[in-house]
Protein chains: 2
Amino acid sequence: MLKYPDAQVISLGIGDTTEPIPEVITSSMAKRSYALSTVEGYSGYGAEQGEKQLRAAIAKTYYENLGIEEDDVFVSDGAKSDISRLQVLFGSKVTMAVQDPSYPAYVDSSVILGQTGQFQKDVEKYGNIEYMKCTPENGFFPDLSATCRTDIIFFCSPNNPTGYAASREQLTRLVEFAKENGSIIVYDSAYAMYVSDDSPRSIFEIPGAKEVAIEVSSFSKYAGFTGVRLGWTAIPKELLYSDGFPVAKDFNRIVCTCFNGASNIAQAGGLACVSPEGIKAMHEVVGFYKENSDIIVETFNSLGFKVYGGKNAPYVWIHFPGQSSWDVFSEILEKTHVVTTPGSGFGPGGEGFIRVSAFGHRENVLEACRRFKQLYK
Amino acid sequence: MLKYPDAQVISLGIGDTTEPIPEVITSSMAKRSYALSTVEGYSGYGAEQGEKQLRAAIAKTYYENLGIEEDDVFVSDGAKSDISRLQVLFGSKVTMAVQDPSYPAYVDSSVILGQTGQFQKDVEKYGNIEYMKCTPENGFFPDLSATCRTDIIFFCSPNNPTGYAASREQLTRLVEFAKENGSIIVYDSAYAMYVSDDSPRSIFEIPGAKEVAIEVSSFSKYAGFTGVRLGWTAIPKELLYSDGFPVAKDFNRIVCTCFNGASNIAQAGGLACVSPEGIKAMHEVVGFYKENSDIIVETFNSLGFKVYGGKNAPYVWIHFPGQSSWDVFSEILEKTHVVTTPGSGFGPGGEGFIRVSAFGHRENVLEACRRFKQLYK
């Protein structure tokens, strides 16, 4: 922007939502705000785990028939905060695996907790982290036979940044792998509503998953709640430490000590989200961004690139074989004034890719695609 | 309630606010909610550290002329969350001191991080925590000459539960003590607006404090935001580790990795709080609860008890020498159906005291006091 002060920069970089929140949701939050000025409507400290009604509604909306109940759901101020609270739960002595590439918060929070050992510059990896490579060669699902056992496995599906949603068969293998190894899967399903095919929306669709998995999710990308801050974590009663103690009981202690519940106004919004009108409205928001994905996918396909993701996620993952992510990113920025994200920012396995986010106003996405066509024609 | 199903139980136990939030504040939050449904008013991810305008307004309102600037202020979802994020910053290898008695979150979060060593049943203390006894004998300010050096000193003033606000001279000694020892003070000023006398409202009123202290604060008890969730932490640029690295830079990394900012709607409320009308409205809320304190103090004074706190805090700390806190609590509950808090819950130094909270509707406080007079007449 310093170099080209008149440039119309378009950001399809960080995955920040751009579309207004449906009114059925904001009017509930406004109503709750006003109510806080009345004697009858005022509420102070809520349950740290979230309001009973919201926990029940999340369980019903996202986990009906999957055996996840109201008291298994912990309402949070967003997935990022809960990932970090889970790391505090695990402590500094656990080992962990991540998809490579993946959302950086898993590794970053692990570094802060002291789990990772030193960064090894030559391979761009932390010594104690098991990187599960996810590339076009293995269909973006890790080779579990070549994966070392760890205490914790972070797994994001649909994946940020590759956009790949693991299949039922693949997740069944992952659950078996965790069970064999006595590992806990932290399954990040923040993009589950973007799934178009029959890939599972929740890890708990997989038989036996309740004994090995925690699911972290969020309203951010469904309702445009990136700024409102509301999410949840589901921890089944069946998930036990090797000594038989329930993990959920420990997490409850973390939540009660390190957190005081999500904002009551945001929770009113969450309750509106999972009402019948809210669900419909969220599907419209998700549908809009999915149309953006389609436009981006078609653009890069038409230009002859190998294009991944998009179908089940708001992220398009584009391959530039043999090139440096940062060079591609810089060339695109320099020549089209569109901000993307260099794939190597998500781990060494992202080298040679860029991520294009489908979060944007339609006219910006269309204009960005025009510029991409100009650049790569 | 099982035993006396018809009892009118009054809770003056946990310090939860009961009075409606002033309309000048809730209307700002409602307006922000509605705006999120418009293209112009929508906002997604905000700065993890908080909105610039709010950070500036907090700096101006609470730290004018104290040298705390906009970028020293980190907006949070409440003091409890930030205490825990500070513990993550400090890690498991630090030593810490707390006032005894004090708000349990300091010790509890320290236990979770693994700083404390084992609980020693005979003395009701954790092995690695330095308990700074605060009793009527020492005027509720610890004897620093008998206090061991620790890396971190948690210090809450006005104190929860004793209600005692440290004087300028005492805090000057505390800052000197921290400086001599290379300790960091985490100063919890969540009740500062309750100060009636000339006790400092902020640790940064003390010369040199910026080189040794972090201040954690909150809108919870000023505006009734216990459910809305909004607070802040101020970390001066002058606060450095022994190697010269700024603590604020590290905390910034924690905030960006483990948190995604407070709810934008709550932040709109915060901005209204620190507007001229909002400040006036908050003083009215605080004034109301302070009247409650006066009523409770007068009641127990008239009954011949040694009564502490109340003047500078919404907590009244009542001495029952030689008695067990839990026995007193149980007798009061059994005979008056009023919930108080046993002092020993705040640390072994709280034994023999009960805390009566001034957060309550006026009629409940008056009725509770009538029952106290009945019991102890």
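Determine the pairs where a residue that is under 22 Å from B:Tyr45 (Cβ atoms), located within segment A:1-30, has a partner that is at pLDDT below 95 and part of a loop (DSSP other than H, G, I, E, B) with Cβ atoms under 7 Å apart, the partner being 6 or more residues away or on another chain.
Going by the 7 Å Cβ cut-off, the qualifying pairs are A:Met1/A:Ala7; A:Val9/A:Met1.
Among what's in segment A:159-175 and is assigned to a helix (DSSP H, G or I) and among the aliphatic types (A, V, I, L, M), pick the residue that is farthest from A:Cys134 (Cα to Cα).
A:Val175
Let me confirm something: among A:Val307, A:Val328, A:Val356, which residue is touching a strand residue (DSSP E or B) at 6+ places or on another chain (Cβ under 7 Å), away from every other protein chain (no Cβ under 14 Å), closer than 21 Å to A:Tyr194 by Cβ and without any contact (Cβ under 8 Å) to a residue 40 or more places away in the chain?
Result: A:Val307 is the single residue among A:Val307, A:Val328, A:Val356 that is touching a strand residue (DSSP E or B) at 6+ places or on another chain (Cβ under 7 Å), away from every other protein chain (no Cβ under 14 Å), closer than 21 Å to A:Tyr194 by Cβ and without any contact (Cβ under 8 Å) to a residue 40 or more places away in the chain.
As an exercise: evaluate A:Val123 against (1) closer than 19 Å to A:Pro104 by Cα; (2) not in a loop (DSSP other than H, G, I, E, B) and give the number of the one condition it does not meet.
All conditions pass for A:Val123, except number (2).
Please specify each residue of segment A:1-50 satisfying the condition of being farther than 30 Å from A:Lys249 by Cα, under 30 Å from the mean Cα position of the chain (by Cα) and small (Gly, Ala, Ser).
A:Ser11, A:Gly13, A:Gly15, A:Ser27, A:Ser28, A:Ala30, A:Ser33
The conditions are (1) crowded, with 17+ Cβ neighbours inside 10 Å; (2) under 18 Å from the mean Cα position of the chain (by Cα), and B:Tyr126 fails exactly one of them. Which is it?
Answer for B:Tyr126: the failing condition is (2).
Does segment A:176-197 hold any residues that are part of a loop (DSSP other than H, G, I, E, B) and over 15 Å from A:Pro314 (Cα atoms), and which are they?
Listed by number, the residues that qualify are A:Gly182, A:Ser183.
Condition first: in contact with a helix residue (DSSP H, G or I) (Cβ under 6 Å, 6 or more places away or on another chain) and within 19 Å of A:His283 (Cα to Cα). Now tell me which residues in segment A:159-190 satisfy that.
If the condition is that a residue be in contact with a helix residue (DSSP H, G or I) (Cβ under 6 Å, 6 or more places away or on another chain) and within 19 Å of A:His283 (Cα to Cα), then A:Ala190 is the only one that fits.
Show me the helices (runs of 4 or more DSSP H) entirely contained within segment B:234-331 in which 3 or more residues are touching a Gly at 6+ places or on another chain (Cβ under 7 Å) and surrounded by fewer than 15 Cβ atoms within 10 Å (Cβ to Cβ).
By residue number, no helices (runs of 4 or more DSSP H) qualify.
Sort through A:Pro104, A:Pro136, A:Pro161, A:Pro200 and tell me the only one that's crowded, with 24+ Cβ neighbours inside 10 Å and on the phi < 0 side of the Ramachandran plot.
The match here is A:Pro161.
Considering each of A:Gly349, A:Gly322, A:Gly310, A:Gly345 in turn, give the residue that is closer than 19 Å to A:Ala190 by Cα and of a type outside the set (D, E, K, R). Walk me through how you get there before you give the answer.
Working: A:Gly349 fails: closer than 19 Å to A:Ala190 by Cα; A:Gly322 fails: closer than 19 Å to A:Ala190 by Cα; A:Gly345 fails: closer than 19 Å to A:Ala190 by Cα.
On inspection, the qualifying residue turns out to be A:Gly310.
Filter segment B:28-45 for residues that are crowded, with 19+ Cβ neighbours inside 10 Å and of a type in the set (A, V, I, L, M); which is nearest to B:Ala268 (Cα to Cα)?
Filtering first and then ranking leaves B:Met29.
Name the one entry in A:Gln87, A:Gln53, A:Gln99, A:Gln115 that is under 22 Å from the mean Cα position of the chain (by Cα) and either over 30 Å from B:Ser92 (Cβ atoms) or in contact (Cβ under 8 Å) with a residue 60 or more places away in the chain (or both).
A:Gln99
Answer yes or no as to whether B:Val111 is more than 27 Å from B:Gly224 (Cβ to Cβ), among the hydrophobic types (A, V, I, L, M, F, W, C) and not in a helix (DSSP H, G or I).
Working: more than 27 Å from B:Gly224 (Cβ to Cβ): yes; among the hydrophobic types (A, V, I, L, M, F, W, C): yes; not in a helix (DSSP H, G or I): no.
When the stated conditions are applied, B:Val111 does not pass them.
Being within 25 Å of B:Lys306 (Cβ to Cβ) and either buried (at least 20 other Cβ atoms within 10 Å of the Cβ) or in the same structural domain as B:His319 (by TED's automatic domain parsing) (or both) is the filter here; which residues of segment B:139-150 pass it?
B:Phe140, B:Phe141, B:Pro142, listed by residue number.
The values are calculated or read from the model by the stated rules, or taken from the named source; none is laboratory data. For clarity, every value in this text was computed on a predicted model and none was experimentally measured. Backbone-built Cβ (ideal geometry, glycine too); neighbour counts: all protein chains shown.
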